[in-house]
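K.L.:
Have a look at the structure that comes next, please.
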Amino acid sequence: ITVACFSPDGKRLVTGSADKIIKIWDVQTGKLLADLKGHTGEITSVSFNGSGDRIISTASLDSSAILWNAGTGRMVKKITPSRYYVDFAIFSPDGSKLFIDQSRSIYDPKTGDELRSLPGYTMVNQAFFTKDSKRILLAESSDITLYDLETGAPLKKFKGNEPIALSPDNSKLVT
């Protein structure tokens, strides 16, 4: 197992591993609920959305992110955003958006369709949505940029290095 994430209600655990398979487990019984197959590389991240009905998984070497229906285990969409590695993806707090790292794009988590691409050319190492899901912070090399998701415009740049942390009320940024 290389990555793991609990569902928001704590009843399920999703894991990913070097065998390219994502597994959904019942936390109370330890029973395997589903094997999700679709990646051709080692799984590098897994995450539930806030309501627990979607899972996003990434596999760096196959350059893809897969959006899964967490209830049925069916693939909603395989997103292959670029020729670069895809190391992580995150859902916005309200569940309305999905960010995939090296594509620098925001996607619709229901359909997997791209909603907006964010400007820039450097590798994204970390990302945080603001709690209102209207902005996103991207940590890129020695810059941290806050973007408006309605327009895609950069709002503010900070100097610093990752790792970064954003306080729950969004009033503090640590780098």
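The values are calculated or read from the model by the stated rules, or taken from the named source; none is laboratory data. Given the structure is predicted, the values throughout are model-derived calculations rather than measurements. Reconstructed Cβ throughout: ideal geometry from the backbone, glycine too, with neighbour counts over all protein chains shown. Note: areas computed on protein heavy atoms with side chains; ligands, DNA, RNA excluded. Shrake-Rupley method; radii C 1.70, N 1.55, O 1.52, S 1.80 Å.
K.L.:
Which of the trypsin sites (Lys or Arg not before Pro) found in region 47-122 are loop residues per DSSP with 13 or fewer other Cβ atoms within 10 Å of their Cβ?
P.N.:
Here the trypsin sites (Lys or Arg not before Pro) that fit, given the DSSP loop and packing criteria, are ARG74, ARG83.
K.L.:
Among ALA70, ALA139, ALA153, which one moves the most in a GNM of the chain with springs linking Cα atoms closer than 10 Å?
P.N.:
Looking only at ALA70, ALA139, ALA153, the largest GNM fluctuation is found for ALA153.
K.L.:
Something else now. Compute the FRET efficiency between SER171 and LYS134 as 1/(1 + (r/R0)^6), taking r as their Cβ-Cβ distance and R0 = 25 Å, and round to the nearest 0.05.
P.N.:
The calculated FRET efficiency here is 0.95.
K.L.:
Where nothing but the Cβ of Lys and Arg (+1) and of Asp and Glu (-1) is charged, how large is the charge dipole of the chain around its Cα centre, in debye to the nearest 20?
P.N.:
In debye, rounded to 20, the chain gives about 140.
K.L.:
Same structure, new question: Towards the positive end of the charge dipole of the chain, with charges on Cβ (+1 Lys, Arg; -1 Asp, Glu), say which of LEU118, ALA34, THR151 has the farthest Cα.
P.N.:
Sorting the options by dipole projection puts first ALA34.
K.L.:
Now a separate question. If I compute semi-axes √(5λ) of the Cα gyration tensor in Å from the structure I just sent, which labelled value in (i) 27, 17, 15; (ii) 57, 14, 11; (iii) 33, 20, 14 lines up?
P.N.:
Step by step, semi-axes √(5λ) of the Cα gyration tensor in Å for this structure corresponds to label (i).
K.L.:
Here is a further query. Quick one: how many Å² of THR29 are accessible to a 1.4 Å probe, rounded to 10?
P.N.:
Counting only protein heavy atoms, THR29 exposes about 100 Å² to solvent.
K.L.:
Please work out the C-alpha center-to-center distance from region 83-103 to region 1-78 and express it in whole Å.
P.N.:
Cα centroid to Cα centroid, the span is 14 Å.
K.L.:
Something else now. Mean-square fluctuation check for the chain, GNM, Cα pairs under 10 Å: which of GLY152, GLY73, GLY30 is largest?
P.N.:
GLY30
K.L.:
Also, I was wondering about something else. With +1 on the Cβ of every Lys and Arg and -1 on the Cβ of every Asp and Glu, and nothing else charged, how large is the dipole of region 56-135 about its Cα centre, in debye rounded to the nearest 20?
P.N.:
Rounded to the nearest 20 debye, it is 140 debye.
K.L.:
Something else: Within 10 Å of each candidate Cβ there may be at most 13 other Cβ atoms; applying that plus a DSSP loop requirement, which chymotrypsin sites (Phe, Trp or Tyr not before Pro) in region 70-174 survive?
P.N.:
Passing sites in region 70-174 are TYR84, TYR121.
K.L.:
Projected onto the charge dipole of the chain (+1 at Lys/Arg Cβ, -1 at Asp/Glu Cβ, origin at the Cα centre), which of ALA127, ASN49, ALA4 gives the Cα projection farthest towards the positive end?
P.N.:
ASN49
K.L.:
I'd like to check one number: the per residue accessible area of region 79-175, probe 1.4 Å, reported in Å² as a whole number.
P.N.:
53
K.L.:
Using a 1.4 Å probe on the protein heavy atoms, what percent of the accessible area of region 45-87 belongs to carbon and sulfur?
P.N.:
47
K.L.:
Given R₀ = 22 Å, FRET efficiency for ARG116-THR40 by Cβ-Cβ distance, to 0.05?
P.N.:
For ARG116 and THR40, the calculated efficiency is 0.20.
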